[in-house]
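One structure is given below, encoded as structure tokens.
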Amino acid sequence: MTVYVVGLDGADWSLLRPWAEAGHLPTVARILDEGVAGDLQSTLPPVTFPAWKCYSTGKTPGKLGVYEWFAYDRTTHDISANDASDFRSREYWDVLADRDRRAGVINMPTTHPAGADEGVNATDDGPFIIAGSPASERKAFTSPASLRTELLEEIPDYRVKPDLVLDEASPDELVAEARDLFEQRFDAATWLADEKDCELVHTTLFATDTLQHRLWDRPEKLRAAYERVDDLLADLLAREDAEAVVLMSDHGFAEIDEIFLVNQWLAERGDLVVEDSEARDLLASVGLTEERLKRLVDRLGLVNLAQSLVPESLQRFFPSESGRVAIQDAGIDWTETKAVSLGRGPIYVNRDAFPDEEAADAYAEALAADLEALETPSGDPVAAAVRDPADVYTGERPRAPDLVVEYATGVDAPEAIGGGVFGETTEWLATHRRTGVFAAWGEDVATGSADLELYDLAPTLLHYLGAPVPEDVDGDVRFDVLAGEPADRSIETGAPTAADAAGERAGEEVEDTLRELGYLE
């Protein structure tokens with residue numbers, strides 16, 4: 001028997017419930033009627049890195065050492081992309097493997113490079129990892145490595161990432177490709193269950209997030225994508241080995257009402273100083289922009305060739321048509337800079353810019369107050385709250401930011417600099433919010449409603465499967481979603497799963513993928 005966990009990246013009940021009630025998603029409706037469902041509160045900020053690992057470890061970012069896509073080294077002032085090797089914890093499927101319980105993981109974004117945790121995943125007994133983006137099927141993307149050959153023999157067309165240039169494809173093309181990818185993910189899931197005897201299989205459908213960012217104004221297109229997911233879920237529920245099926249998302253989604261460029265705001269205050277790029281300005285003045293380069297290679301059918309031949313350092317050298325540039329490429333003057341934002345939430349104070357820690361702390365406190373008082377041009381708050389990381393995260397909080405901004409729903413705050421503080425536009429029409437989806441159906445699963453936190457899923461699934469719950473998790477075993485024997489059984493406490501950050505790094509592949517997805521300029 002197998003427990004199937006289906007991660008719908010960015011899924012939001014504002015879409016799924018009305019469609020289920022209207023009969024467009026009959027399998028989702030069945031799960032809601034026969035199982036248990038509710039909201040799932042994500043981490044802060046609610047982004048892919050680190051949200052998926054918060055799910056798989058049951059821990060807050062303070063124990064994982066990862067808070068966003070990028071990390072800041074306070075000693076060298078380097079800004080680098082995070083990958084699987086940066087997370088300081090084993091995952092719940094490693095706990096299962098310790099008990100000789102086989103598990104498989106498919107397409108979870110934070111699993112690249114596969115086997116980055118010093119070989120713990122590299123045995124023929126599992127866990128079996130088929131890494132998610134930014135991995136590529138053209139390279140090593142499985143653990144153990146031999147799994148790649150077996151997978152491609154079973155699913156020859158398996159793709160880790162879309163082939164389309166996302167911001168150049170039509171809505172119909174985006175949906176058609178997403179539906180193909182969904183089918184491959186479910187095929188891989190059932191293959192792992194059948195051929196590798198996995199008792200738990202997790203698969204992430206990342207394309208739901210990609211579509212929602214770009215097609216929020218085309219609900220009929222989004223519904224067409226989810227209808228295919230619903231069909232595949234129906235097949236899953238009909239399998240004889242389906243002991244339970246769990247649906248979850250790493251965060252929810254909301255329409256963008258306003259874009260706030262926090263680093264541009266910091267720059268205009270004089271808190272962030274960026275060196276000028278005369279070459280980039282010259283390219284922009286003659287119309288040589290990143291977008292035009294992308295459209296040209298797309299029309300000529302040279303996308304794959306350009307990606308393989310043009311160095312990432314040269315690709316990022318081209319300016320965007322908006323004048324924005326990713327903060328990672330902006331040439332920060334660290335002798336003058338006091339603070340920088342790395343993505344949608346974390347703000348780091350450059351403590352070298354202050355005479356002592358007391359002065360840096362006083363600056364951070366004043367900065368938090370200014371952000372909390374800041375309003376959009378329409379008079380709405382930019383931030384719902386600005387928090388001290390110690391109040392948000394557990395553990396020792398390695399590499400933690402100085403402030404964590406919880407932006408108001410509908411406010412998107414990318415890390416780019418250049419352009420206006422407010423009023424900019426991107427290819428994104430919607431962005432993340434903290435409230436995602438949870439639902440479960442099957443044997444010994446309760447009925448009714450229950451609201452969970454992302455951190456609760458790992459301990460609850462371990463307990464359901466009769467495995468020990470690590471003593472250092474932050475989530476709880478949620479007995480209100482269980483029935484039968486698991487609901488009556490006492491929790492077995494297991495050894496902590498803390499680990500050192502180590503292993504092979506993915507390098508520029510992470511940044512390449514972030515640009516393709518629209519997370520970076």
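The values are calculated or read from the model by the stated rules, or taken from the named source; none is laboratory data. None of the values given here were measured: they were computed from a predicted structure. Virtual Cβ from ideal backbone geometry, glycine too; neighbours counted across all protein chains shown. Each accessible area value is taken on the protein alone, full model and side chains, heavy atoms only, with ligands, DNA and RNA left out. Shrake-Rupley method; radii C 1.70, N 1.55, O 1.52, S 1.80 Å.
So which residues in segment 13-33 are out of contact with any helix residue (DSSP H, G or I) (no Cβ under 8 Å at 6 or more places or on another chain) and outside any helix (DSSP H, G or I), if there are any at all?
Listed by number, the list holds a single entry, Ala22.
Run Glu34 past the list (1) open to solvent by 10 Å² or more (accessible area, probe 1.4 Å); (2) modelled with pLDDT under 95 and report the number of the one that doesn't hold.
Here Glu34 clears every test but (2).
So in segment 145-180, with the set limited to residues that are open to solvent by less than 20 Å² (accessible area, probe 1.4 Å), at pLDDT 95 or above and in contact with a Phe, Trp or Tyr (Cβ under 8 Å, 6 or more places away or on another chain), which one is nearest to His112 (Cα to Cα)?
It comes out as Leu147.
Being farther than 19 Å from Leu16 by Cβ, open to solvent by less than 10 Å² (accessible area, probe 1.4 Å) and touching a residue at least 12 places away in the same chain (Cβ under 8 Å): is that true of Ala242 here? If you could, list the steps in order and put the result at the bottom.
Values: farther than 19 Å from Leu16 by Cβ: yes; open to solvent by less than 10 Å² (accessible area, probe 1.4 Å): no; touching a residue at least 12 places away in the same chain (Cβ under 8 Å): yes.
Considered against the rule, which asks whether it is farther than 19 Å from Leu16 by Cβ, open to solvent by less than 10 Å² (accessible area, probe 1.4 Å) and touching a residue at least 12 places away in the same chain (Cβ under 8 Å), Ala242 comes out as no.
Here's the yes/no breakdown for (1) modelled with pLDDT under 95; (2) hydrophobic (A, V, I, L, M, F, W, C); (3) closer than 21 Å to Gly65 by Cβ:
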| residue | (1), (2), (3) |
| --- | --- |
| Val349 | no, yes, yes |
| Ala353 | no, yes, no |
| Glu372 | no, no, no |
| Glu375 | no, no, no |
| Asp380 | no, no, no |
| Arg387 | no, no, yes |
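Mind listing just one residue for me: the one in segment 118-134 that is more than 14 Å from the chain's Cα centre (by Cα) and surrounded by 23 or more Cβ atoms within 10 Å (Cβ to Cβ) and, of those, modelled with the lowest pLDDT?
Of segment 118-134, the ones more than 14 Å from the chain's Cα centre (by Cα) are 118-130.
Checking which are surrounded by 23 or more Cβ atoms within 10 Å (Cβ to Cβ) leaves us with 121, 126-130.
Numbers: Asn121: 45, Gly126: 69, Pro127: 95, Phe128: 97, Ile129: 97, Ile130: 96.
Filtering segment 118-134 for residues that are more than 14 Å from the chain's Cα centre (by Cα) and surrounded by 23 or more Cβ atoms within 10 Å (Cβ to Cβ), the one modelled with the lowest pLDDT comes out as Asn121.
Scan segment 372-394 residue by residue and report those that are open to solvent by less than 20 Å² (accessible area, probe 1.4 Å), assigned to a loop (DSSP other than H, G, I, E, B) and either under 16 Å from Thr409 (Cβ atoms) or touching a strand residue (DSSP E or B) at 6+ places or on another chain (Cβ under 6 Å) (or both).
Those that are open to solvent by less than 20 Å² (accessible area, probe 1.4 Å), assigned to a loop (DSSP other than H, G, I, E, B) and either under 16 Å from Thr409 (Cβ atoms) or touching a strand residue (DSSP E or B) at 6+ places or on another chain (Cβ under 6 Å) (or both): Thr376, Val382.
Having 1 or more residues that are of a type outside the set (A, V, I, L, M) and closer than 30 Å to Leu452 by Cα is the bar; report the strands (runs of 3 or more DSSP E) wholly within segment 41-153 that clear it.
Because the criterion is at least 1 residues that are of a type outside the set (A, V, I, L, M) and closer than 30 Å to Leu452 by Cα, the strands (runs of 3 or more DSSP E) in segment 41-153 that meet it are 70-72, 103-106, 128-130.
Here is a yes/no grid of residues against (1) surrounded by fewer than 19 Cβ atoms within 10 Å (Cβ to Cβ); (2) among the β-branched types (Val, Ile, Thr):
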{"residue": "Trp441", "(1), (2)": "no, no"}
{"residue": "Tyr455", "(1), (2)": "no, no"}
{"residue": "Thr460", "(1), (2)": "no, yes"}
{"residue": "Asp472", "(1), (2)": "yes, no"}
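Find the residue count for segment 418-476, including only residues that are among the acidic types (Asp, Glu) and assigned to a strand (DSSP E or B).
1
Any residue that is touching a helix residue (DSSP H, G or I) at 6+ places or on another chain (Cβ under 9 Å), open to solvent by 20 Å² or more (accessible area, probe 1.4 Å) and on the phi > 0 side of the Ramachandran plot - is there at least one of those in segment 76-98?
Within segment 76-98, one or more residues are touching a helix residue (DSSP H, G or I) at 6+ places or on another chain (Cβ under 9 Å), open to solvent by 20 Å² or more (accessible area, probe 1.4 Å) and on the phi > 0 side of the Ramachandran plot.
Could you list, ordered by first residue, the pairs with Cβ atoms under 6 Å in which the first is in segment 442-456 and closer than 27 Å to Pro50 by Cα and the second is open to solvent by 20 Å² or more (accessible area, probe 1.4 Å) and part of a loop (DSSP other than H, G, I, E, B), at least 6 apart or interchain?
Leu452/Arg478; Tyr455/Asp474; Asp456/Asp476; Asp456/Arg478
Among the residues of segment 229-239, which ones are of a type outside the set (A, V, I, L, M, F, W, C) and buried (at least 20 other Cβ atoms within 10 Å of the Cβ)? Step through it out loud before you land on a result.
Residues of segment 229-239 of a type outside the set (A, V, I, L, M, F, W, C): 230-231, 235, 239.
Asp230, the sole residue that qualifies.
State whether the residues of segment 204-217 include one that is β-branched (Val, Ile, Thr) and in contact with a Gly (Cβ under 8 Å, 6 or more places away or on another chain).
Just the residues of segment 204-217 that are β-branched (Val, Ile, Thr), to begin with: 204, 208, 210.
Adding the requirement that they be in contact with a Gly (Cβ under 8 Å, 6 or more places away or on another chain) leaves 204, 208.
Yes.
Taking segment 497-515 as the region of interest, how many residues are open to solvent by less than 70 Å² (accessible area, probe 1.4 Å), of a type outside the set (A, V, I, L, M, F, W, C) and at pLDDT 60 or above?
Here the count works out to 3.
Which one is surrounded by the most Cβ atoms within 10 Å (Cβ to Cβ) among residues in segment 477-495 that are in contact with a helix residue (DSSP H, G or I) (Cβ under 8 Å, 6 or more places away or on another chain) and outside any loop (DSSP other than H, G, I, E, B)?
Checked segment 477-495; the qualifying residue surrounded by the most Cβ atoms within 10 Å (Cβ to Cβ) is Val481.
Name the residues in segment 366-389 that are of a type outside the set (A, V, I, L, M) and under 29 Å from the mean Cα position of the chain (by Cα), would you?
Those that are of a type outside the set (A, V, I, L, M) and under 29 Å from the mean Cα position of the chain (by Cα): Asp370, Glu372, Glu375, Thr376, Asp380, Pro381, Arg387, Asp388, Pro389.
Scan segment 300-320 and tell me whether some residue there is touching a strand residue (DSSP E or B) at 6+ places or on another chain (Cβ under 7 Å), open to solvent by 20 Å² or more (accessible area, probe 1.4 Å) and either basic (Lys, Arg) or modelled with pLDDT of 65 or more (or both). If you could, list the steps in order and put the result at the bottom.
Looking only at segment 300-320, we keep the residues that are touching a strand residue (DSSP E or B) at 6+ places or on another chain (Cβ under 7 Å), and these are 319.
Remaining after also requiring open to solvent by 20 Å² or more (accessible area, probe 1.4 Å): none.
Looking for residues that are touching a strand residue (DSSP E or B) at 6+ places or on another chain (Cβ under 7 Å), open to solvent by 20 Å² or more (accessible area, probe 1.4 Å) and either basic (Lys, Arg) or modelled with pLDDT of 65 or more (or both), one finds none in segment 300-320, hence no.
Scan Val246, Val274, Val286, Val229 and give me the residue that is among the aliphatic types (A, V, I, L, M), modelled with pLDDT under 95 and either within 28 Å of His202 (Cα to Cα) or in contact with an Asp or Glu (Cβ under 9 Å, 6 or more places away or on another chain) (or both).
Working: Val246 fails: modelled with pLDDT under 95; Val286 fails: either within 28 Å of His202 (Cα to Cα) or in contact with an Asp or Glu (Cβ under 9 Å, 6 or more places away or on another chain) (or both); Val229 fails: modelled with pLDDT under 95.
After applying the criteria, what remains is Val274.
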